[in-house]
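A.B. asks: Quick one: the structure is below, questions incoming.
Read-outs: derived from the displayed coordinates by stated rules, not from any lab. Note that the structure is predicted; figures quoted are calculated from it, not measured. Every residue, glycine among them, receives a Cβ derived from its backbone with ideal geometry; neighbour counts consider all protein chains shown.
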2 protein chains.
Amino acid sequence: MSYEDPYLVISSDCHAGLPTEEYRPYLEAAQHRAFDEFLAQAQARREEATRLGVRNEAFAQKWFEEHEEGLRGGWDAAQRDKELDGDGVAAEVVFPDADAVDSRTAAPFGVGLGLSGDQDPVLGMAGARAHNRWLADFIRAGGSPERRCGVALLPITAEPGLVVAEVRRAHADGLGAVMIPSMWVDKAPYHDRRYDPVWAVCEELRMPIVTHSGAAPRHEYGDHLGIYVTEVTFWPARPLWFLLWSGVFERFPGLRFGVAESGCWWLPNLLWFMDRLYLGAHGGKKLSPFSELTMAPSAYVDRNCFIAATNTKRRELAHRYEIGVGTICWGSDYPHPEGTWPNTRQWMRTTFHDIPIDETRRMLGLNCAEVFGFDTAKLTPIAERIGPRPADLGQPEDQSAVEAAWAPAREVGRHWLTGHDFPFLGTAAPTEGRTL
Amino acid sequence: MSYEDPYLVISSDCHAGLPTEEYRPYLEAAQHRAFDEFLAQAQARREEATRLGVRNEAFAQKWFEEHEEGLRGGWDAAQRDKELDGDGVAAEVVFPDADAVDSRTAAPFGVGLGLSGDQDPVLGMAGARAHNRWLADFIRAGGSPERRCGVALLPITAEPGLVVAEVRRAHADGLGAVMIPSMWVDKAPYHDRRYDPVWAVCEELRMPIVTHSGAAPRHEYGDHLGIYVTEVTFWPARPLWFLLWSGVFERFPGLRFGVAESGCWWLPNLLWFMDRLYLGAHGGKKLSPFSELTMAPSAYVDRNCFIAATNTKRRELAHRYEIGVGTICWGSDYPHPEGTWPNTRQWMRTTFHDIPIDETRRMLGLNCAEVFGFDTAKLTPIAERIGPRPADLGQPEDQSAVEAAWAPAREVGRHWLTGHDFPFLGTAAPTEGRTL
């Protein structure tokens, strides 16, 4: 790769979904009556979101007015490609719920980003299948299937046989990953062996498993938006340590598990905490309480986990040698307002201008290509056409100063494993400037 | 203060409790039958702890054999003072449950460190009162009341009138702080206005409110100790953002809230996350979803919150300019095996040798004195007799090199507020060595 080569940018977190009422043909007739009831509650759901402050009337009006055309890309493939091109994004991982403002494209029965373990098992599976069928059609018929990896919705707490069958069906239909609920609520937690057949089929078919932020115990929050936002990222991250400590990554070494749109700021402390726990208990030895593991937790995270780290923050990039540069997959969150669309090119420049180019290539696209199995050869011509180049991100051709600035942080890395006394974060000299 | 002045060391997290059966005289007769039933379940509770791996038979045997005398300080004041002296600790904040290995000193009806919101309200209040009465006696009769601040157990989800009355009773009886459950479980979350009378009386009486790690949704963990340990610190920290975002610290500006034995590694990211959320939403202005606040979240934490940061780690000290040097209160966790007793003096040297002396004074004792209202004049003679001096911690009299090493981290501080681009953590040059 040379300085002139454009970035192959892949967004690990984008969203698509039909206007809810249009899901009807994808549902079986048996569910139509329940679907009508679900549609009738849309206004009540909107009022609930407004009450918590997740939704703001004035913002919503402005957002839909200013972005009418671009938002149609939520379910219109030609418009969507135009928006991706504008952002310099060659390919994308496609989650549900295109409309994060008014939930006009909520998947049937709320199995989109709010997918929850206590979902009615029959309706939940029906709603998931409806969205999954539509998504497969959308990707196939959209004219550029190589640009998309569709995420199948998977109500994993339903009957295991049905769950495994839906993974196989979705895979055969062209989808490339599965999203499971962040919260099992009153169902079996994810350490339970009842899920082993699901982990097995996902490993076999190379379907990464992802949780995505959204669900949370909202009944505990009253109308306090701050509480919700503060802990909403905890719930999708939580399954990571349930899988890890119960040996799922040991039993299924090829399984990939990721956490989407929940940041990655929490990962360094988690790795430090878990590694110390494991290593302090004579990990792997006889009598260890962690005999289901054979490696330190961070080694499993390096091998089995990834972060779909939407809208990566400068603070998070400063932590990347603790997190693992290979673990971070950038995402634009198109077409959600909290993402970088339609200003992704400017955002990349602000955020990555002083990050080494080779690391930028990995975090902006190559990591994501590896996890989700994108065909980079097919994407290269698209990247040639629309991809930003290092110079566009303000990155200098001579990288020696950049490398020198980050050398101490890279050398210290995970200080608890490298024998260093303290963490070392940030560049060698404190820099003033943009704070994100 | 000069280099020769000893440290006034105060442990913000110690534990005392009677062997459970001896609580009987402190219970009212009406509860004796229920108490017998509680006692009869002790073995079952021990087996449950062993199954999860929290308890290890071989370790337990060795621990009690090697520390028989010192452990008697859990309920014997003279022995206790001897142990504190040995560790160089002048004073202590006294939580329940002296025995963390076999729970032989569990407070009646499990209202000690496992205090939970779904506790039976009548038995819970009875058990709390029994421990609180004993603790007050213990401190009064122990011969050195100036060395102890007793923490009253407070089942806050019970009837508010009774809860407020118990705070007043405990305060009149000489106790200085209250511990509330980390988890409200099925009761009202802590943003609920039903708790305002409790916050009010605690503010009025200058009784800090504390959560302490212990309770967690164990039914979700199967027999996976790693899951429990990984998230056990989340639950006591969680009330902090429930109080903060619901405006409790705005309505009760003199209230102090602390989180005990849960580390403080999670606080920098929390402050960064909450401040950005508040400031990004035009905090304090009209139409803000956070109109109940008038300051950035970190300002409330600086004013209202503290961390009883037992067994502080080097990684946490590296974060202290983001956390706030005034927020960290060290603790020995005596007589728990995961603490620093009986090796506190050596531990302090390992951990603090290159930390500035004035900051060490605050974190090892002065912060704690301020929060819990210790009479430092009365403690000074004790510190003179037993307190370690900076030289004992390996701290050089000439502090210029130490100050210079930390200057960049101090200057950057909370980078999101100081206009710096990245966090800067650790000393100016990466140092190899001890990793804790």
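A.B. asks: Under the definition of partner shielding as Cβ atoms of other protein chains within 10 Å of a residue Cβ, what is the mean value for peptide B:408-421?
C.D. replies: 4
A.B. asks: Suppose a student asked you for the relative contact order of chain A, using Cα pairs under 8 Å spaced at least 6 residues apart; what percent would you report?
C.D. replies: Across chain A, relative contact order equals 20 percent.
A.B. asks: Would you list B:His353, B:His15, A:His32, A:His171 from fewest to most Cβ contacts within 10 Å?
C.D. replies: Least to most surrounded, the residues fall as A:His32, B:His353, A:His171, B:His15.
A.B. asks: B:Ala30 versus A:Glu68, label points 7 Å from Cα toward the beta carbon: distance in nm?
C.D. replies: 7.0 nm
A.B. asks: Ordered shortest first, which distances in nm separate the 7 Å Cα→C-beta label point of A:Ala391 from those of the other copies?
C.D. replies: 6.5
A.B. asks: Tell me the distances, shortest first, between A:Phe59 and the same position across the other copies, using label points 7 Å along Cα→Cβ, in nm to one decimal.
C.D. replies: Between copies, matching label points for A:Phe59 lie 4.5 nm apart.
A.B. asks: Once you place label points 7 Å from the Cα toward the Cβ at B:Lys378 and B:His353, how far apart are they in nm?
C.D. replies: In this crude spin-label approximation the distance works out to 3.7 nm.
A.B. asks: Here is a further query. Shortest first, in nm, what separates the label point of B:Pro253 from those of the same position in the other copies (7 Å along Cα→Cβ)?
C.D. replies: Distances between equivalent label points, in nm: 6.2.
A.B. asks: Continuing with this model, one more query. Would you mind calculating the gained length between B:Ala407 and B:Arg389 on full extension (0.36 nm times residue separation, minus the Cα-Cα distance), in nm to one decimal?
C.D. replies: Gain on extension, B:Ala407 to B:Arg389, equals 4.1 nm.
A.B. asks: So what's the gap between the Cα centers of the range A:374-435 and the range A:170-192, to the nearest angstrom?
C.D. replies: If you average the Cα positions of each part, the centres end up 33 Å apart.
A.B. asks: I've got another one for you. Just tell me how shielded B:288-296 is by partners: mean number of partner chain Cβ atoms within 10 Å of each residue's Cβ, no decimals.
C.D. replies: 2
A.B. asks: Debye sum, Cα scatterers, the range A:10-397, no solvent: what log₁₀ I/I(0) at q = 0.07, 0.14 1/Å?
C.D. replies: Treating every Cα as an identical point scatterer, log10 I(q)/I(0) equals -0.30, -1.28.
A.B. asks: Taking the number of other C-beta atoms within 10 Å as the exposure measure, put B:Met363, A:Met348 in order starting with the fewest.
C.D. replies: Ranking B:Met363, A:Met348 by Cβ neighbours within 10 Å, fewest first, gives B:Met363, A:Met348.
A.B. asks: Continuing with the same structure: Residue by residue, what Karplus-based ³J(HN,Hα) values in Hz, rounded to whole numbers, does the range A:332-345 have, using 6.51, -1.76 and 1.60 with θ = phi - 60° and x for Gly and Pro?
C.D. replies: Residue by residue, the range A:332-345 yields 9, 6, 3, x, 8, x, 7, x, 9, 4, x, 10, 4, 4 Hz.
A.B. asks: Show that you can apply the helix-only estimate: for chain A, add -39,500 (n - 2.57) for every DSSP H stretch of four or more residues, divide by all residues, and state [θ] at 222 nm to the nearest 500.
C.D. replies: Taken over chain A, the calculation gives -12500 deg cm²/dmol.
A.B. asks: How charged is the neighbourhood of B:Arg320? Take every other residue with its Cβ under 12 Å from the Cβ of B:Arg320, and add Lys/Arg as +1 and Asp/Glu as -1.
C.D. replies: Within the 12 Å Cβ shell, the charges total +3.
A.B. asks: Distance between the C-alpha centers of the range A:63-78 and the range B:286-322? Whole Å please.
C.D. replies: Taking the Cα centre of each part, the range A:63-78 and the range B:286-322 sit 40 Å apart.
A.B. asks: Around A:Cys264, with a cut-off of 13 angstrom between Cβ atoms, what is the net charge of the other residues, counting Lys and Arg +1 and Asp and Glu -1?
C.D. replies: The answer is 0.
A.B. asks: Can you compute the charge dipole magnitude of the range B:147-194 about its Cα centre, using +1 on each Lys and Arg Cβ and -1 on each Asp and Glu Cβ, nothing else charged? Give it in debye, rounded to the nearest 20.
C.D. replies: Charge dipole of the range B:147-194: 220 debye, to the nearest 20.
A.B. asks: Gaussian network model of chain A, Cα springs within a sub-10 Å range: biggest mean-square fluctuation belongs to which of A:Arg320, A:Arg385, A:Arg349?
C.D. replies: Fluctuation is largest for A:Arg385.
A.B. asks: I would also like to ask the following. How big, in percent, is the set of alpha carbon pairs in the range B:15-169 lying more than 25 Å apart?
C.D. replies: Within the range B:15-169, distances greater than 25 Å cover 32 percent of Cα pairs.
A.B. asks: Scan chain A for the residue whose Cβ is closest to the axis carrying it onto chain B, then write down that distance in whole angstrom.
C.D. replies: Result for the axis mapping A onto B: A:Leu425, 2.
A.B. asks: Order of A:Lys378, A:Lys313 from fewest to most other C-beta atoms within 10 Å?
C.D. replies: A:Lys378, A:Lys313
A.B. asks: On average, how many beta carbons from a partner chain sit within 10 Å of the beta carbon of a residue in B:237-245?
C.D. replies: Mean inter-chain Cβ contacts per residue within 10 Å come to 4.
A.B. asks: Something else: Scaled to the compact-protein estimate 2.2 N^0.38 Å, what is the alpha-carbon radius of gyration of the range A:320-398, rounded to two decimal places?
C.D. replies: Taking N as the residue count of the range A:320-398, the ratio is 1.11.
A.B. asks: Under a crude label model (7 Å from the Cα following the beta-carbon direction), how far is B:Ala429 from B:Asp192 in nanometres?
C.D. replies: Each label point lies 7 Å from its Cα, and together they span 5.8 nm.
A.B. asks: Within a Cβ distance under 9 Å of A:Ser11, other residues only, what is the Lys/Arg minus Asp/Glu net charge?
C.D. replies: -4
A.B. asks: Name the cysteines of chain A that stand alone by the Cβ rule: no other cysteine Cβ under 4.7 angstrom.
C.D. replies: A:Cys14, A:Cys149, A:Cys202, A:Cys264, A:Cys305
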